[in-house]
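Participant: Sharing a structure, written as C-alpha cells. Questions coming.
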Amino acid sequence: MDVVIQNIDLVAGSPEEKRIEIKRYFNATFTLYENLFDTLASDEVFYMRPQPLRHPLIFYFGHTAVFFVNKLVLGKQLDTRINARFESLFAIGVDEMSWDDLNDEHYDWPAVEEVRQYRNEVAAAVNELIDGMDFSMPIGWDSPMWVIMMGIEHERIHLETSSVLIRQLKLEQVKPVDLFPACAETGPAPVNELVPVAGGTVTLGKDAGHRLYGWDNEYGCAEFDVPDFAASKYLVSNGEFMEFVDDGGYRTDDWWDEEGLAWRNYHRAGKPEFWCGEPGAYRLRLMTEEIPLPMNWPVEVCCLEAKAFCNWKSARTGQTIRMPDEAEYRRLLETAELDREHHEASIHANWNLEHFASSVPVDMFAHGKFYDLVGNVWQWNETPIYAFDGFRVHPLYDDFTVPTFDNRHNLIKGGSWISTGNEITLHSRYAFRRHFYQHAGFRYVASSKTVQKEFDVYETDALISQYCEFHYGDPCFGVPNFSKAIAQLALQAVEGKACCRALDIGCAVGRTAFELAGSFETVDALDFSARFVQVGVQLQQNGRIRYERQEEGELVSFMERSLEGLGLNGQYEHIHFMQQDAMNMKPEYTGYDLVVAANLIDRLSDPARFLKEIPRRMNPGAVLLIASPYTWLEEFTKKENWVGGFKRDGEPVTSLDGLHVLLDEFFTHKGEPVEIPFVIRETARKHQHTLSEVTIWIRK
C-alpha cells in the first residue's frame, strides 16, 4: 500500500529540504485521512455515533482540521480564524474528557460538504504557511514548524482512532475501498509457547534533541532493572483466546478483577467486541466487511479482557501469567534488535499501512525468536501511563497526556496495521482507559516480578501547583482566599434574584465554582486550560487533589487538599467543568443569571470582543462580576486591544473607563468598584501580592 511516507528527521538537512519534506508529509496525511472517510456508505453515516461515548463521525472529520487552526492561532502563526463557528464546534473531543457531555441538543452539525470545503480552506492555509514560514534547523519545541508537525501527528492518531469507530458501524453503513485491502490469509492457530528472555537494565525516555517528533510523555528518563522472564512467542490468537471463552472465561467471576467484573456485567460481555455471530459460527468484523473468524489472527480485546485471560492462564498453568510492563516490553525489543527507528532501518511488520488494512496471521512476521513484537495489533501493557523524570508539557498542547496520569489509563505498545508516524516510533507512548477498544491485543509473560500499577498522582507543573495553592491552600499574610471572596461578592450581588444558572469563565482550578454551587442549580466552570479544568474534575470526582508545593530550589512539600477540609460538603454533580476558549465559546453556554470573570480580561487577545458578546449569554437582570488587576501586557493582548491603561489624545483612559464604554449599552453599573487583594505563592519566601478591582454590572 503506497500511501504513507516515512517519519521526518527534524535535525538533519537544510530548512528548504525540510520545508519540502514537511509539506509532502502534511498533504499525504491530510489526503489519507479524507480517504478513510470514503469507506462510509453515504453522507448520512457521518452523523452516526458508532460508540455511545464518542461524537458522531462528522466531528472527527472536522476536528483534525480545526486542530491545525486552533494551535496555529494559539502559536501566533495564524492571525485570523478561518471559521470561528467550526473552530469552536469541532474543537473538543470526548474520547478521554470526562468533563465533556454528549447532549445532542448542544450540537448543530453542519453538512458534510461544508466540512469538506472547510478542510480545503485549512489545507490551503497550512500549505501557504509552510511555504512562507521562517524557521531554522534543527526543528525543536520552540520552532514554528513544530506546530505544523503537531497537527500532522495529531491527524495520524485520529486516522487510527477513526478507523476503530468505522469498524464499529453497521455493515450496511460502510463500503470497501481499494486503498484499504484486507488480508485473505487465514488458517488454524499456531500453538503458543513461552520463550525465555534475559533480563537487563532498561532506560526509557528520550532527550529534547531527539531527531523525531515526540509527544510530551516521551521525554525525560526512567531506568529499570528487569529480571529474567519468559514471553509468549506469538500474540494471543483468536484460537488461543477461544480456549478461554469455551472454558467459561466470561462467566467465571474469579478471573475478573473488580473493575473488569463491573465492566463485564454492565456490558453483558460474552466475547470480544469484534467477534460477531454465535458460538461455532463466529465471524470477525473488519473495517468494512465480516469474515469467518480467522483462528490464526491476533485476538482484539480491551485491557480488562486481556487481564481476565491472564488470570485464567495462570490458574491453568500454575505460573504467574500477566501482560508485560513497559520495561519488559522494551527489553523484548532489545533482545530482537528492534530498539531502532523504522525509517532508519526498516522493520518488516504489518504496520504503517505497508501491507494490509487488517490484521494478519500471528506467525507471518518474525522478529528474532518472537513474532509481531511490533505491528499487527497494539499490545496492552500492565503499566498505567506515568510521567518520566523531567516530564514537562508543551505550552501549545498542555492536555495531551496529563489527563491520563490517573492510574486508569494503561499503555499500549507496538502499533497496529494502521499505525503511522509517531505511533510507530521507538519511544512512542499511548494509553487508553482499560475498557476502551482499539486495534489492540496482547502477548503474555511469565514472571514473579510485581508490577507497579499505582503511581502517586501529584500535580508537579509549577503553574498548576501554584494555582492549586492559590485556590485551596492556606491564607498568606492574613489575606483571605481570593476565589472564595469573589464568590461571596457574587452571591451578595444576586441576593433576591433568580439563581438557576451561573457561569465561572476563566475558572482556573475551580474554587469559585464550588463556592457558587451551593446557591445555583447549575454552574458551568470553563477555562482555556484543560489542565486547570482537570483539577476541578479531580476534586469533583474524588473530593481531593494532590500537588507539589515548591519550598526552595529543588525542595518541595507534598500537599493534599480536600473539599471536606475546606468546608465544602455539598453535592457537586451540577458543576460542569469544561475546556473552552472565552473568545470562542460554544452557543449552548447561554441563559445565565450570573457570570463571573475573575482575573480574565487582561489575559484575552481581544477582551472587547468577549465583553460585547457576553450580554447575549445572560438573562435580563443577571449579574456580571468582573475582577481584574488590569495588568495589560502585549504578551497576551496587543496594545490596540487594551480596554484601558493608555492615553488617548493626551488624556488617560483607565480600564474602568473602557469597561463603561463597552458595557453601558447593555448593563447598569452597580455600586463602586472594590479592590480585593490576592497573594500567589511561588516559593516559601517569594509571593506575588496584587489588587484586583471588582465591578458589578446588572444586565438591562
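No value in this document is a laboratory result; all are computed from the given coordinates. Owing to the predicted nature of the structure, the values given are computational and were not obtained by experimental measurement. No Cβ is skipped: glycine too gets one built from the backbone with ideal geometry, and neighbour counts run over all protein chains shown.
Participant: If only one of LEU463, LEU411 is of a type outside the set (Lys, Arg) and without any contact (Cβ under 8 Å) to a residue 24 or more places away in the chain, which one is it?
Facilitator: Of LEU463, LEU411, the one residue that is of a type outside the set (Lys, Arg) and without any contact (Cβ under 8 Å) to a residue 24 or more places away in the chain is LEU463.
Participant: In the set GLY567, GLY543, GLY536, GLY553, which member is touching a strand residue (DSSP E or B) at 6+ places or on another chain (Cβ under 6 Å), surrounded by fewer than 21 Cβ atoms within 10 Å (Cβ to Cβ) and not basic (Lys, Arg)?
Facilitator: From the options GLY567, GLY543, GLY536, GLY553, the qualifying one is GLY543.
Participant: Across the stretch 271-318, what is the number of residues that are part of a loop (DSSP other than H, G, I, E, B) and either among the aromatic types (Phe, Trp, Tyr) or crowded, with 16+ Cβ neighbours inside 10 Å (or both)?
Facilitator: 17
Participant: Of all residues in the stretch 659-683, count the ones that are within 40 Å of the chain's Cα centre (by Cα) and in contact (Cβ under 8 Å) with a residue 24 or more places away in the chain.
Facilitator: 14
Participant: So, in the stretch 336-393, exactly how many residues are farther than 22 Å from ASP216 by Cβ and among the acidic types (Asp, Glu)?
Facilitator: Number satisfying all stated conditions: 6.
Results for (1) closer than 17 Å to ASN192 by Cβ; (2) aliphatic (A, V, I, L, M); (3) within 28 Å of the chain's Cα centre (by Cα), shown as yes or no for each residue.
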site	(1), (2), (3)
PHE224	no, no, yes
MET242	yes, yes, no
VAL245	yes, yes, no
GLY249	yes, no, no
TRP255	no, no, no
ASN265	no, no, yes
ARG283	no, no, no
TRP297	yes, no, no
GLU300	yes, no, yes
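Participant: Looking at the stretch 57-77, can you tell me whether even one residue there is surrounded by fewer than 16 Cβ atoms within 10 Å (Cβ to Cβ) and out of contact with any Pro (no Cβ under 9 Å at 6 or more places or on another chain)?
Facilitator: Scanning the stretch 57-77 turns up no residue that is surrounded by fewer than 16 Cβ atoms within 10 Å (Cβ to Cβ) and out of contact with any Pro (no Cβ under 9 Å at 6 or more places or on another chain).
Participant: I would also like to ask the following. Which one of these is under 15 Å from the mean Cα position of the chain (by Cα) and of a type in the set (Val, Ile, Thr): THR404, THR425, THR420?
Facilitator: None of the others qualify; the one that does is THR404.
Participant: Go through the residues of the stretch 498-510 one by one and say whether even a single one is in contact with a helix residue (DSSP H, G or I) (Cβ under 7 Å, 6 or more places away or on another chain), part of a loop (DSSP other than H, G, I, E, B) and at positive phi.
Facilitator: Looking through the stretch 498-510, at least one residue is in contact with a helix residue (DSSP H, G or I) (Cβ under 7 Å, 6 or more places away or on another chain), part of a loop (DSSP other than H, G, I, E, B) and at positive phi.
Participant: Step by step: first the residues of the stretch 635-657, then only those that are without any contact (Cβ under 8 Å) to a residue 24 or more places away in the chain and in a helix (DSSP H, G or I), then the one that is farthest from TYR472 (Cα to Cα). Which residue is that?
Facilitator: The qualifying residue farthest from TYR472 (Cα to Cα) is GLU640.
Participant: So which pairs qualify, if the first residue must be in the stretch 311-339 and over 16 Å from SER232 (Cβ atoms), the second must be polar (S, T, N, Q) and crowded, with 20+ Cβ neighbours inside 10 Å, the Cβ gap must be under 6 Å, and the two must be at least 6 apart or on different chains?
Facilitator: GLU326/ASN381; GLU326/THR383
Participant: Let me ask you something else. Looking at ALA84, ALA91, ALA41, which is the one that is over 22 Å from ARG167 (Cα atoms) and in contact with a strand residue (DSSP E or B) (Cβ under 9 Å, 6 or more places away or on another chain)?
Facilitator: Just a single option satisfies the conditions, and that option is ALA91.
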